Amino acid sequence: MKWDEFFVTGDPLIYGAMVSIVVAMLAIIIYLTYTKRYGWLWREWLTTVDHKRIGIMYILAAFLMLFRGGVDALMLRLQLATPNMTFLESQHYNEVFSTHGVIMILFMAMPFVLGVMNIVVPLQIGARDVAFPALNAISFWLFFVGAMLYNLSFVIGGSPDAGWSAYFPLASNEFSPTVGHNYYAIALQLSGLGTLMTGINFIVTIIKMRAPGMSIWKMPMFTWSALITCIIILFAFPTFTVSLAQMMFDRLFGTQFFSTTNGGMDMLWANNFWIWGHPEVYIVILPAFGIFSDVISTFARKNLYGYKSMVYSMIAISLLSFLVWTHHFYTMGHNATVNSIFAIATMAISVPTGIKIFNWLFTLRKGKIVFPTAMLFSLAFIPIFTIGGVTGVMLAMSSADYQYHNTMFLVAHFHYVLIPGTVFGMVAGTYYWFPKVFGFRLNEKIGKISFWLIAIFFNVTFLPLFYLGLDGMARRMYTYSEATGYGPLNLTASIGAVGLAIGFGLIIYNIIYSAFKSPRDKHADPWDARTLEWSIPSPAPFYNFAVMPNVKDVDPLWYSKINNEPLYEDEIKPIHMPSNTGKPAIMGIFFFLSGFCLVFSWWIPAIIFGIGVFITMAAKSFERDPGYYVSVEEIEGTEKVLRGEKL
Ligand code: HEM
Ligand SMILES: [Cu+2]
């Protein structure tokens, strides 16, 4: 292998990226060395099995990837800003939209969702951890090394370039000869396995570990959304796992599953991809629906309107999400009957979604509404997402789709769904639950400024794309001529993207600013909220609940406040907790090294590191660690400190 096949060379942007990676790593090493924090990092974070800390790490990674995916987006928008732009050439443009799509969905939206789930679900159901804490850590590390491996493709070996959907034959060795799609197959495989295990873990957690009295119809809406999401994960991800393995075989071992020659079936990939890919978009949106439900009922000071219909709607959406995948290739040769059936199934999803929208509006009706940042993001979601939904119904009409297929109209549609859905939802969740995790609130003034920037510039960025699409501007087009007349609207969109970037940047600024400046308010319940997590001290102690609550209603804290009934009656007993373990992180490193060697077909080291994976796995299985007990005195002391009382 030649040097320049290994390191990507010859492009100033990539040299810039290399330099920034090296500088960032040096900065981290210098910081850790200077403050002597290596031991702390290992003991407190890298070996943790605490669901809250794992959640924080997921969300940190998600913000990091939002930045990476966002820089990609800015590069795309810069290239499209004016006609005949020469900032990126065609190959580079292909690589950037491919990594943008993959990173945003799999390495930004997914960890964000899993992170919030990790932090919130056990707290909402009155559990002390998830069902399998060490497995949870393994899931995180699999996700994390998958994300890092994928990002490495940028500077080592070359990025994937066949879009986030990696259609064959475009993603085959013939048309994509760099190792980019090897990275795709292996990195997505690793993080996907992590996701699948998280799905199983949370299904068991939610089914088995709810506090006494919390029947399934008394669960908070976010927990419901997490449960349904995990069930989708359980059914959707195995398809993807197998397809990615086949993709890897095609690319590394010369099998012909998806090739267009020798009996391979490129449409098999397209079908399998979307049998996973369509449910996947609900995996990232349903938890946001759950967040909006909790946030809106809290800040409207009312119980959620239509609780059961909210749940049934989510169940209907999850079932339908598996029945519509063919709407992604109406134009690839099915007959009219098939297209019509999938069109009707697709449009049917708008019914349960519409029910949810009306339920949120009815929850607001006659509410005593207050408007903190979390609520603003939740309210802005409603109209913006509705535009995304309505244009989705337009795309669902198969005959009309022959017109808009693969145009900017589609790009506008899915950003109108994903950004208010996932991103607004997760940002709302971050603002809402932040004080529970860290013991202080994010600054509301900066929050509101960033909210308005994002809400306004989101529309400046993506509204023009609907018109460009209807005018015929194709998706994934790296440049266009003056004569098309696409210039002005594209320039508008690009200006919007800069505004949007500033808005997102302010969220990060707010977190850093608030960490130093926000008053620490030990008040357990800063929002006057309704669900269990707000009844324990802020920040939540590592064992979450000193004693088990007695749940009688859907909003137990709310009813205990208005009826003046105590939630906690039992006395404190010693609590059993799982011990930290370094094996998940070590397993992750072996997975990473083995995956990296596979990308380059370095078989011997790949096998050696693969054996490393099995050895750590075996070591974990044979480990006899019964965990430990937290004593009553320690619990009492911790509770007093957290509630701001003197010992
Ligand atoms: C933050 C501002 C964002 C901007 C300015 C932006 C911009 C873009 C642009 C210009 C494209 C390529 C259009 C083309 O030539 O085909 C694109 C594609 C895409 N974006 Fe975004 N995007 C943003 C955020 C997001 C988010 C948050 C997600 C997902 C959660 C997302 C998911 C995607 C996907 C899946 C594609 C398709 C990639 C492909 O064609 O393979 N984007 N975006
Ligand atoms: Cu779909």
Here are the criteria: (1) more than 8 Å from ligand 1 (Cβ to nearest atom); (2) open to solvent by 10 Å² or more (accessible area, probe 1.4 Å); (3) assigned to a helix (DSSP H, G or I). Tell me which single one Thr86 does not satisfy.
(3)
Residue that is within 13 Å of the chain's Cα centre (by Cα) and more than 16 Å from ligand 2 (Cβ to nearest atom), where the choices are Leu114, Leu78, Leu88:
Leu114
Are any of the residues in segment 132-155 under 27 Å from Ile203 (Cβ atoms), of a type outside the set (S, T, N, Q), in contact (Cβ under 8 Å) with a residue 24 or more places away in the chain and outside any helix (DSSP H, G or I)?
yes
Count, please, the residues in segment 111-139 that happen to be open to solvent by less than 10 Å² (accessible area, probe 1.4 Å) and within 19 Å of Leu190 (Cβ to Cβ).
9
Can you give me the number of residues within segment 148-174 that are touching a Pro at 6+ places or on another chain (Cβ under 9 Å), of a type outside the set (A, V, I, L, M) and at pLDDT 95 or above?
1
Check segment 542-552 and report whether any residue there is closer than 26 Å to Gly39 by Cβ, assigned to a helix (DSSP H, G or I) and at pLDDT 90 or above.
no
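Within segment 351-374, restricting attention to residues that are in a helix (DSSP H, G or I) and surrounded by fewer than 16 Cβ atoms within 10 Å (Cβ to Cβ), which residue is farthest from the chain's Cα centre (by Cα)? Before you say what the answer is, go through the steps one by one.
Our first condition is that a residue be in a helix (DSSP H, G or I); within segment 351-374, this holds for 351-364, 373-374.
From what is left, the residues that are surrounded by fewer than 16 Cβ atoms within 10 Å (Cβ to Cβ) are 351, 354, 358, 361-362.
Numbers: Val351: 25, Gly354: 23, Phe358: 26, Leu361: 26, Phe362: 28 Å.
Result: Phe362.
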Among the candidates Phe377, Phe329, which residue alone is of a type outside the set (D, E, K, R), within 16 Å of ligand 1 (Cβ to nearest atom), within 15 Å of Asp401 (Cα to Cα) and part of a helix (DSSP H, G or I)?
Phe329
From (1) among the aromatic types (Phe, Trp, Tyr); (2) surrounded by 21 or more Cβ atoms within 10 Å (Cβ to Cβ); (3) within 15 Å of ligand 2 (Cβ to nearest atom), pick out the condition that doesn't hold for Phe414.
(2)
Evaluate segment 67-81: report whether one residue or more is touching a residue at least 12 places away in the same chain (Cβ under 8 Å) and among the polar types (S, T, N, Q).
yes
Only one of Gly610, Gly588 is in contact (Cβ under 8 Å) with a residue 60 or more places away in the chain and either part of a helix (DSSP H, G or I) or farther than 23 Å from Asn544 by Cβ (or both); which?
Gly588
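Given the options Leu64, Leu32, Leu60, name the one that is in a helix (DSSP H, G or I), out of contact with any strand residue (DSSP E or B) (no Cβ under 6 Å at 6 or more places or on another chain), farther than 18 Å from Tyr431 by Cα and open to solvent by 10 Å² or more (accessible area, probe 1.4 Å). Explain how you work it out, then say what you get.
Working: Leu64 fails: farther than 18 Å from Tyr431 by Cα; Leu60 fails: farther than 18 Å from Tyr431 by Cα.
When all the criteria are applied, what remains is Leu32.
Just name the residue that is least open to solvent (accessible area, probe 1.4 Å) out of those in segment 553-573 that are among the polar types (S, T, N, Q) and in a loop (DSSP other than H, G, I, E, B).
Among them, the one singled out is Asn563.
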Of the conditions (1) more than 10 Å from ligand 1 (Cβ to nearest atom); (2) open to solvent by less than 10 Å² (accessible area, probe 1.4 Å); (3) under 13 Å from the mean Cα position of the chain (by Cα), Ala171 satisfies every one except a single condition; which number is it?
(3)
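So that you can scan it fast, the table gives a plain yes or no per residue for (1) within 16 Å of ligand 2 (Cβ to nearest atom); (2) modelled with pLDDT under 95; (3) open to solvent by 10 Å² or more (accessible area, probe 1.4 Å); (4) under 28 Å from Phe329 (Cβ atoms):
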residue	(1), (2), (3), (4)
Ser176	no, yes, no, yes
Asn182	no, no, yes, yes
Thr205	no, no, no, no
Met247	no, no, no, yes
Go through the residues of segment 43-51 one by one and say whether even a single one is part of a helix (DSSP H, G or I), touching a residue at least 24 places away in the same chain (Cβ under 8 Å) and acidic (Asp, Glu).
no
Number of the exception - His576 against (1) touching a Phe, Trp or Tyr at 6+ places or on another chain (Cβ under 7 Å); (2) loosely packed, with under 14 Cβ neighbours inside 10 Å; (3) assigned to a helix (DSSP H, G or I); (4) of a type outside the set (Ser, Thr, Tyr):
(3)
Test set (1) closer than 27 Å to Pro111 by Cβ; (2) touching a residue at least 40 places away in the same chain (Cβ under 8 Å); (3) open to solvent by less than 20 Å² (accessible area, probe 1.4 Å); (4) out of contact with any Asp or Glu (no Cβ under 7 Å at 6 or more places or on another chain) - Glu444 fails condition number:
(3)
Segment 395-489: helices (runs of 4 or more DSSP H) wholly inside it with 2 or more residues that are among the β-branched types (Val, Ile, Thr) and within 15 Å of ligand 1 (Cβ to nearest atom) are 408-418, 425-438, 444-470
Can you work out which of the residues in segment 257-291 that are open to solvent by 30 Å² or more (accessible area, probe 1.4 Å) and under 13 Å from the mean Cα position of the chain (by Cα) is nearest to ligand 2 (Cβ to nearest atom)?
Val281
Residue hits (segment 311-354; at pLDDT 95 or above and touching an Asp or Glu at 6+ places or on another chain (Cβ under 7 Å)) are none
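Filter segment 380-394 down to the residues that are out of contact with any Pro (no Cβ under 6 Å at 6 or more places or on another chain) and open to solvent by less than 40 Å² (accessible area, probe 1.4 Å) and list them by number.
The initial filter retains those residues of segment 380-394 that are out of contact with any Pro (no Cβ under 6 Å at 6 or more places or on another chain), namely 380, 382-383, 386-394.
Once the filter is applied, which keeps residues that are out of contact with any Pro (no Cβ under 6 Å at 6 or more places or on another chain) and open to solvent by less than 40 Å² (accessible area, probe 1.4 Å), segment 380-394 yields Ala380, Ile382, Gly388, Gly389, Thr391, Gly392.
Of the residues Met104, Met108, which single one is touching a Gly at 6+ places or on another chain (Cβ under 6 Å), open to solvent by 30 Å² or more (accessible area, probe 1.4 Å), at pLDDT 95 or above and in a helix (DSSP H, G or I)?
On the way: Met108 fails: open to solvent by 30 Å² or more (accessible area, probe 1.4 Å).
Checking each option against the conditions leaves just Met104.
The values are calculated or read from the model by the stated rules, or taken from the named source; none is laboratory data. Because the structure is a prediction, the values reported are computed rather than measured. Positions of Cβ are generated from backbone atoms using ideal geometry, with glycine treated the same way; all protein chains shown enter the neighbour counts. All accessible areas refer to the heavy atoms of the entire protein, side chains included, with ligands and DNA or RNA removed. Shrake-Rupley method; radii C 1.70, N 1.55, O 1.52, S 1.80 Å.
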